[in-house]
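The values are calculated or read from the model by the stated rules, or taken from the named source; none is laboratory data. Being a predicted model, the structure only gives us computed values, none of them experimental. Here the Cβ is made from the backbone with ideal geometry for all residues, glycine too, and neighbour counts use every protein chain on show. Heavy atoms of the whole protein, side chains included, go into the accessibility calculation; ligands, DNA and RNA do not. Shrake-Rupley method; radii C 1.70, N 1.55, O 1.52, S 1.80 Å.
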Amino acid sequence: MSQPGSRGATAGLQAQNGAAAASGSPYSNGPVQNALMSSQVSAGQGYDSQLPGSYPHLMPAKSLNPFSGQSNYGGSQGSAQTLNRPPVASNPVPPSLHSGPVPQTPLPASQNPAATPMPSGSFLPGANPPLPLNWQYNYPATGSQTNHFPHVAQPAVSGTTNLTRNQQYVSPGDPSLQTSFIKSGSALPLQNPPLPTSFQPGAPPGPSPAGGPPPVRGLMSQKPPPRVVPPPSFNSSINQEATPQLTNQNPKTSRSVGYAYPSLPPGYQNTAPPSATGMPPSSLNYPSGPQAFTQTPLGANHLNASMSGLSLHPEGLRVVNLLQERNMLPSTPVQPPVPNLHEDIQKLNCNPELFRCTLTSIPQTQALLNKAKLPLGLLLHPFKDLVQLPVVTSSTIVRCRSCRTYINPFVSFLDQRRWKCNLCYRVNDVPEEFMYNPLTRVYGEPHRRPEVQNATIEFMAPSEYMLRPPQPPVYLFVLDVSHNAVETGYLNSVCQSLLDNLDLLPGNTRTKIGFITFDSTVHFYSLQEGLSQPQMLIVSDIEDVFIPMPENLLVNLNESKELVQDLLKTLPQMFTKTLETQSALGPALQAAFKLMSPTGGRMSVFQTQLPTLGVGALKPREEPNQRSSAKEIHLTPSTDFYKKLALDCSGQQVAVDLFLLSGQYSDLASLGCISRYSAGSVYYYPSYHHQHNPVQVQKLQKELQRYLTRKIGFEAVMRIRCTKGLSIHTFHGNFFVRSTDLLSLPNVNPDAGYAVQMSVEESLTDTQLVSFQSALLYTSSKGERRIRVHTLCLPVVSTLNEVFLGADVQAISGLLANMAVDRSVTASLSDARDALVNAVIDSLSAYRSSVLSSQQPGLMVPFSLRLFPLFVLALLKQKSFQTGTNARLDERIFAMCQVKNQPLVHLMLTTHPSLYRVDSLSDEGALNISDRTIPQPPILQLSVEKLSRDGAFLMDAGSVLMLWVGKNCAQNFLSQVLGVQNYASIPQTMTDLPELDTPESARTIAFITWLREQRPFFPILYVIRDESPMKAAFLQNMVEDRTESALSYYEFLLHIQQQVNK
């Protein structure tokens, strides 16, 4: 069967684009190298693998619901490669116009790491060459490319806030009209949402003096250049996308930017607000509503990133002696630093919850970056649920002819007819259709188009972006029904959750569903329309699994809904008397893969024990007496079966999500590969049992509800591009790297984060600004092909002090955590711990020796890094990296999976929990959200010093909430909130607060509910008394206190000071 991206697909491409023949693909399941791409890019059309006519080639009309599309995948991103699409003109353009020679053979492995199946950001040993103990962040990892265009990297973006507006720029007509800009029924886009005007240190307050270097990239006009977006490599369909609109692009690049067109000053593009409205009030810099468009005449100097104005930010320049000022933790959530950009540019910038960089001031050279000893990387949350997201339905998608960046707010317009790309500096023509602004209905204002006014935007991809019709939503559930599984009672919860949410599964009339169960054999269920009841088919030959009646096993959900409901009601009872203790997980996965490969889709696997039969069988490897040591623990897979199967799945657009519900060792290090490389997720419920551990049942049900109903993107690909001179070399997250910089995401979900490491390959001395663009191409559950694009703009600086001033300590900690997981697997846990400590020592030593003019006693740190030692100490005590505790091996592996797959905001909360005193909540400073009053108590340091026996303290550790009640807690709190008469009557296993008719109860419940709403998983609440067994877990999260095997925060600071002052 041809696969997405297979030769058949290529042929279609050629016919449409007049492209030269593509060469064979280096990876059998991946997309073929596409002649349309520049020579360095192997076109991984992650999306369009064209499935042989496995389903009818009908494209449903596009739905106008902005949320319907689940576009979560990164559009193809050409990072290191230059992807040129042939301009579309009246005559087909010959391949010779491509940016590079048409690759006829796969790139050498050194250039094309994609040729090897292992993604660079993988846990597997050898995935990235081990770095020296103190990370030299500048070393590109194995697959580093030196291309000018950023490689596709997936920054893990943290945060679940939604930020884009769903502004659509289309007239309310037929949604499918490509000319219309907005989907009907959507809110009109804000023309210029106001951007927060918080200070940018050093940004000149007024218009810059005339003159100055040409605004090269620095002045970006409001149009976003297409460069950052992934090249056609997205899907084949995407590949073509670029072609249609680019007609005569003008290759001249020599004109000075921005001066020839007085009516549109170069900086105008900055006036458009970013579409970051969904952000919480805390993020000061992003627009919150429509704003009138104002053109500020800006010259290049205006946008320059000089830090001369830093005196406006005395706090930023402050040097802190941590040994004297230990309590630097703010009482409100830590905010990301605001880049030092002119406010007209910053107000258009991407919301940091979606896209943020470890350094908000980019060092001019690699030498300067090396000197700072700080890692350079991006963290992405590309498919985050957004409250407002501008959606463009025009058939013209404007991209740079050279690097395929999508037009964005940071390009510069030379005049009405030409724009300069902010990634590669090519001058491109503005297509005729782009001259008309559907929002204002005015002709001749390309700089006011939504694409140039919003840093986050979604395009409806026209048909040229598709090699095959968008796939239908396909959901296959693979359920363990061995004796062990039935004993836990999990089948009842899963089947009930499915019954409750069956009508809420994302999809349309094409949605398909199927079920497989397994023990020592594999069971299929025929749900053919017309049957009076589901029919069970058993395959006992697990050595050579085949699919009986393949046409009736994945059925249309609408047509067979009653049979599906019957099956879900009877399944939990069918195996109650089973004596089968064996588990043939491997053969069941093989069968599921065969069933889904014609279409692609999502496979949800529920497993309760170590697989024991057939391929993929595993043996116990955990040695309880070695749990606490940093040596010789089994963090690597014991077989490559699950990784290989995941790569096969990825090639057929199948993602596998693993739900592990087990009280015993199940070798998650091996099983987790099935999700990691297929862009799935892992869910872990240790000691799950419906009677002995009822609180896990509640957690599973809540998380399944989110899992089953959240939006989803199918057959997605993501590419990250960056300005010429920067390159991306290592990716972190769950995906397969196909063709050096194209991330293959068979499914993309709104709860996944990604991270990438970068280096400065060529000096950035001739530019003041750099940009990063991620493009995610995906198929929504409604069958629309969509491209979600995020563009981030940052200043370039030339001094070490400026680099330190712009450091984002949370993003740095998140990237180091990802690097440390890789180091744990490729080297050892103790190496990873040493490297984390050395990261602090090296950067603070660099600051002391190169920035501080006088050597003072103490531990002197820049204000921006005041929390760096605290966050690294918290990482050392986090379950992934801690020693001296009796944590189960699977729990440690799961924590590592979370580090690699969670957005930054959730990762930071699980690493450094938030502690609040809640026995005296008040409405002072409370938030008001939809008629609810949410108290906002101050965040306390994680130390027993902050506890008192006469209070109650809530610890939010991300996946769990712990309410510790002191022995002398006021009677008022006990009776009005806990509903008990006295301290002794608090139940030992209290996991819910009663809803009492008292203001204290209402405030406490409102606060806990609000905390839970901020995340996609469900944190269980434990009420803890002094003698409760959970007290140890509560105290273990007191990061600043000493434990038997770990230093206190003060001792850690003394250790750092000793090393820094050597």
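For region 334-368, the set of residues classified as over 19 Å from Asp766 (Cα atoms), open to solvent by 30 Å² or more (accessible area, probe 1.4 Å) and among the aliphatic types (A, V, I, L, M) consists of Val334, Val338, listed by residue number.
Give Thr740, Thr826 a once-over and let me know the one that is closer than 26 Å to Ala846 by Cβ and in contact (Cβ under 8 Å) with a residue 60 or more places away in the chain. Spell out the reasoning first.
Numbers: Thr740 fails: closer than 26 Å to Ala846 by Cβ.
Unique residue meeting the criteria: Thr826.
In region 512-524 there is at least one residue matching the filter, namely being touching a residue at least 12 places away in the same chain (Cβ under 8 Å), within 19 Å of Gly783 (Cβ to Cβ) and either part of a helix (DSSP H, G or I) or open to solvent by 30 Å² or more (accessible area, probe 1.4 Å) (or both). Just to be sure, is Val918 open to solvent by 30 Å² or more (accessible area, probe 1.4 Å), among the β-branched types (Val, Ile, Thr), on the phi < 0 side of the Ramachandran plot and more than 32 Å from the chain's Cα centre (by Cα)? So Val918 does not fit the description; no.
If you check Asn428 against the conditions, is it open to solvent by less than 10 Å² (accessible area, probe 1.4 Å) and in a loop (DSSP other than H, G, I, E, B)? The answer is no for Asn428. Answer yes if at least one residue in region 832-852 is out of contact with any strand residue (DSSP E or B) (no Cβ under 7 Å at 6 or more places or on another chain), closer than 25 Å to Cys357 by Cα, in a loop (DSSP other than H, G, I, E, B) and open to solvent by 30 Å² or more (accessible area, probe 1.4 Å), and no otherwise. Yes, because at least one residue in region 832-852 is out of contact with any strand residue (DSSP E or B) (no Cβ under 7 Å at 6 or more places or on another chain), closer than 25 Å to Cys357 by Cα, in a loop (DSSP other than H, G, I, E, B) and open to solvent by 30 Å² or more (accessible area, probe 1.4 Å). If you go through region 873-891 one residue at a time, how many are surrounded by fewer than 24 Cβ atoms within 10 Å (Cβ to Cβ) and part of a helix (DSSP H, G or I)? Of the residues in region 873-891, 5 are surrounded by fewer than 24 Cβ atoms within 10 Å (Cβ to Cβ) and part of a helix (DSSP H, G or I).
Condition check ((1) at pLDDT 95 or above; (2) charged (D, E, K, R)) across all residues:
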position	(1), (2)
Ala817	yes, no
Arg823	yes, yes
Asn838	yes, no
Ser850	no, no
Gln856	no, no
Leu873	yes, no
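Restricted to region 959-1010, and to residues there that are surrounded by fewer than 19 Cβ atoms within 10 Å (Cβ to Cβ) and aromatic (Phe, Trp, Tyr), the residue that is nearest to Thr911 (Cα to Cα) is Trp1010. Going through (1) open to solvent by 10 Å² or more (accessible area, probe 1.4 Å); (2) in contact with a Phe, Trp or Tyr (Cβ under 8 Å, 6 or more places away or on another chain) one by one, Glu464 falls short only on (2).
Give me the pairs, please: first residue somewhere in region 422-447 and farther than 12 Å from Thr396 by Cβ and touching a residue at least 12 places away in the same chain (Cβ under 8 Å), second residue anywhere and among the aliphatic types (A, V, I, L, M) and open to solvent by 10 Å² or more (accessible area, probe 1.4 Å), beta-carbon distance under 8 Å, and either six or more positions apart or on two chains. Qualifying pairs under 8 Å: Tyr425/Val216; Leu439/Leu188. If I ask for residues that are assigned to a strand (DSSP E or B) and of a type in the set (A, V, I, L, M), which ones from region 927-963 would you list? Within region 927-963, Leu927, Ile929, Ile934, Ile939, Leu940, Ala952, Leu954, Met955, Val960, Leu961, Met962, Leu963 meet the criteria. Of the helices (runs of 4 or more DSSP H) entirely within region 638-699, those holding at least 3 residues that are open to solvent by 10 Å² or more (accessible area, probe 1.4 Å) and under 24 Å from Lys594 (Cβ atoms) occupy 641-651. The set of residues in region 948-987 that are touching a strand residue (DSSP E or B) at 6+ places or on another chain (Cβ under 6 Å) and not β-branched (Val, Ile, Thr) comprises Gly951, Ala952, Phe953, Leu954, Met955, Asp956, Leu961, Met962, Leu963, Trp964, Cys969, Phe973. Of a type in the set (Gly, Ala, Ser) and open to solvent by less than 10 Å² (accessible area, probe 1.4 Å): is that true of Ser412 in this structure? In short, yes.
Scoring Asp1041 on the criteria (1) over 23 Å from Val840 (Cβ atoms); (2) modelled with pLDDT of 95 or more; (3) of a type in the set (Asp, Glu) leaves a single failure, condition (1).
Going residue by residue through region 473-485, is there one that turns out to be among the hydroxyl-bearing types (Ser, Thr, Tyr) and open to solvent by less than 10 Å² (accessible area, probe 1.4 Å)? Scanning region 473-485, I find at least one residue that is among the hydroxyl-bearing types (Ser, Thr, Tyr) and open to solvent by less than 10 Å² (accessible area, probe 1.4 Å), so the answer is yes. In region 808-818 there is at least one residue matching the filter, namely being in contact with a His (Cβ under 8 Å, 6 or more places away or on another chain) and more than 30 Å from Pro390 (Cβ to Cβ). Within the span defined as region 621-635, every residue fails to be buried (at least 17 other Cβ atoms within 10 Å of the Cβ) and at pLDDT 95 or above.
For region 1018-1032, a tally of residues being open to solvent by 40 Å² or more (accessible area, probe 1.4 Å) and under 26 Å from Tyr684 (Cβ atoms) returns 5.
Would you confirm whether any residue within region 601-619 is touching a residue at least 12 places away in the same chain (Cβ under 8 Å), open to solvent by 10 Å² or more (accessible area, probe 1.4 Å) and over 29 Å from Met536 (Cα atoms)? There is at least one residue in region 601-619 that is touching a residue at least 12 places away in the same chain (Cβ under 8 Å), open to solvent by 10 Å² or more (accessible area, probe 1.4 Å) and over 29 Å from Met536 (Cα atoms). Assess whether Asn301 counts as being within 24 Å of Ala455 (Cβ to Cβ), open to solvent by less than 20 Å² (accessible area, probe 1.4 Å), at pLDDT below 95 and not acidic (Asp, Glu). Spelling it out, it is not the case that Asn301 is within 24 Å of Ala455 (Cβ to Cβ), open to solvent by less than 20 Å² (accessible area, probe 1.4 Å), at pLDDT below 95 and not acidic (Asp, Glu). If only residues of region 552-574 that are open to solvent by 20 Å² or more (accessible area, probe 1.4 Å) and assigned to a helix (DSSP H, G or I) are counted, the one that is farthest from Leu527 (Cα to Cα) is Gln573. The residue that is surrounded by the most Cβ atoms within 10 Å (Cβ to Cβ), among those in region 739-781 that are farther than 28 Å from Gln346 by Cα, among the small types (Gly, Ala, Ser) and within 18 Å of the chain's Cα centre (by Cα), is Ser744. The number of residues in region 980-1027 being in contact with a Ser or Thr (Cβ under 9 Å, 6 or more places away or on another chain) and among the small types (Gly, Ala, Ser) comes to 2. Filtering region 442-477 to residues that are in a strand (DSSP E or B) and over 23 Å from the mean Cα position of the chain (by Cα) leaves Val442, Tyr443, Leu476, Phe477. Restricting attention to region 417-464, the residues being out of contact with any helix residue (DSSP H, G or I) (no Cβ under 9 Å at 6 or more places or on another chain) and polar (S, T, N, Q) number 2. Give region 369-378 a look and list any residue that's out of contact with any Cys (no Cβ under 6 Å at 6 or more places or on another chain) and open to solvent by less than 20 Å² (accessible area, probe 1.4 Å), or say none. Listed by number, the residues that qualify are Leu369, Ala372, Leu374, Pro375, Leu376, Gly377.
Only one of the numbered conditions (1) touching a strand residue (DSSP E or B) at 6+ places or on another chain (Cβ under 7 Å); (2) open to solvent by 70 Å² or more (accessible area, probe 1.4 Å); (3) more than 25 Å from Ala617 (Cα to Cα) is violated by Ile538, and that is (3).
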